[in-house]
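Visitor: Here it is, the structure, as structure tokens.
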């Protein structure tokens with residue numbers, strides 16, 4: 001008589017295997033997450049090295065953190081334009097036009113491996129999908145490292161915008177690149193709002209950091225190192241689903257997050273404040289522009305009146321994007 005397994009024995013074996021698989025899945029998922037985190041940190045180290053090398057090759061000047069693509073300062077922004085869904089801006093080859101691309105030559109490092117977001121590319125009529133592709137960028141850069149065409153957010157004029165690496169007092173304490181969730185990433189900068197006054201006690205409008213790595217994100221710093229930060233405030237972790245403005249990819253940040261330990265952590269590592277006298281000397285040269293950004297009057301390099309993007313206020317012409325090219 002041939003011996004074999006009974007049905008009950010087979011079911012027991014299958015059950016044991018299922019239990020073992022269930023026990024192993026968390027470990028497998030954790031190992032996968034750790035691998036993605038290591039790859040993300042490596043991406044940001046490469047980006048930061050490219051950013052520093054670019055400055056070494058250009059008299060220590062730091063690229064702008066953002067600029068609109070039509071601005072004359074756009075060629076000097078690390079990632080000009082926005083990641084709003086369109087038929088052009090999300091194509092991978094766009095990365096090859098970035099000023100840093102010659103320093104890393106691999107567009108894959110712009111994408112966190114845990115970021116699986118894809119975008120639909122429509123035809124000119126906006127009626128049919130031409131292709132479904134991964135969004136090409138997961139990282140933005142601290143707005144105070146370079147500034148939006150050189151300038152800060154309107155209420156943060158008393159805080160430094162670093163235009164050269166030698167201006168950064170403690171490079172190991174100032175973050176540069178940071179992950180952002182796909183619901184919020186748009187322009188090339190990550191906005192940390194430094195001021196403490198109203199309306200921040202009601203609505204704190206700043207960009208949202210990513211939480212791809214066990215409720216945390218990877219960041220690079222001005223000295224070249226990269227690390228991960230695990231968020232502690234649930235308002236940061238759930239910002240993507242609870243505190244956003246619907247209807248557009250151009251969304252604003254952490255809502256009603258006043259007093260957040262995560263916000264404080266970012267602010268402490270974003271920039272430093274001007275000395276009182278240094279601030280007073282330039283206080284009255286500022287004026288508001290748009291999207292809560294500021295411009296500053298610098299008569300020695302004002303662009304000609306009527307130039308595209310120029311702005312005249314009280315008879316004075318702005319010097320938008322002044323730092324890289326004083327002929328604008």
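Visitor: From the set of residues in segment 246-303 that are farther than 18 Å from residue 163 by Cα, within 17 Å of the chain's Cα centre (by Cα) and not in a helix (DSSP H, G or I), which is modelled with the highest pLDDT?
Guide: Once the filter is applied, the top-ranked residue is 291.
Visitor: I need a count of the residues in segment 53-73 that are surrounded by 19 or more Cβ atoms within 10 Å (Cβ to Cβ), in contact with a helix residue (DSSP H, G or I) (Cβ under 8 Å, 6 or more places away or on another chain) and either more than 19 Å from residue 163 (Cβ to Cβ) or at pLDDT 90 or above (or both).
Guide: Going through segment 53-73, the residues surrounded by 19 or more Cβ atoms within 10 Å (Cβ to Cβ) turn out to be 62-67, 71-73.
Keeping just the survivors that are in contact with a helix residue (DSSP H, G or I) (Cβ under 8 Å, 6 or more places away or on another chain) gives 62-64, 67.
Checking which are either more than 19 Å from residue 163 (Cβ to Cβ) or at pLDDT 90 or above (or both) leaves us with 62-64.
So the answer is 3.
Visitor: Could you tell me which numbered condition residue 178 fails, if it satisfies all but one of (1) surrounded by fewer than 18 Cβ atoms within 10 Å (Cβ to Cβ); (2) modelled with pLDDT of 90 or more?
Guide: Failing condition for residue 178: (1).
Visitor: Okay, next question. Tell me whether segment 88-107 contains one or more residues that are assigned to a helix (DSSP H, G or I), within 26 Å of residue 271 (Cβ to Cβ) and modelled with pLDDT of 85 or more.
Guide: If we filter segment 88-107 for residues that are assigned to a helix (DSSP H, G or I), which is where we start, we get 92-97, 101-104, 107.
Next cut, within 26 Å of residue 271 (Cβ to Cβ) only: 103-104.
Among the residues that remain, those that are also modelled with pLDDT of 85 or more are: 103-104.
Yes - at least one qualifying residue is present in segment 88-107.
Visitor: Okay, next question. Identify the single condition in (1) part of a loop (DSSP other than H, G, I, E, B); (2) closer than 30 Å to residue 172 by Cβ; (3) at pLDDT below 75 that residue 84 does not satisfy, given that it satisfies every other one.
Guide: Of everything listed in (1) part of a loop (DSSP other than H, G, I, E, B); (2) closer than 30 Å to residue 172 by Cβ; (3) at pLDDT below 75, residue 84 misses just condition (2).
The values are calculated or read from the model by the stated rules, or taken from the named source; none is laboratory data. If you're wondering where the values come from, they're calculated on a predicted model, not measured in any experiment. Note that each Cβ is placed from the backbone with ideal geometry, even for glycine, and that neighbours are counted across all protein chains shown.
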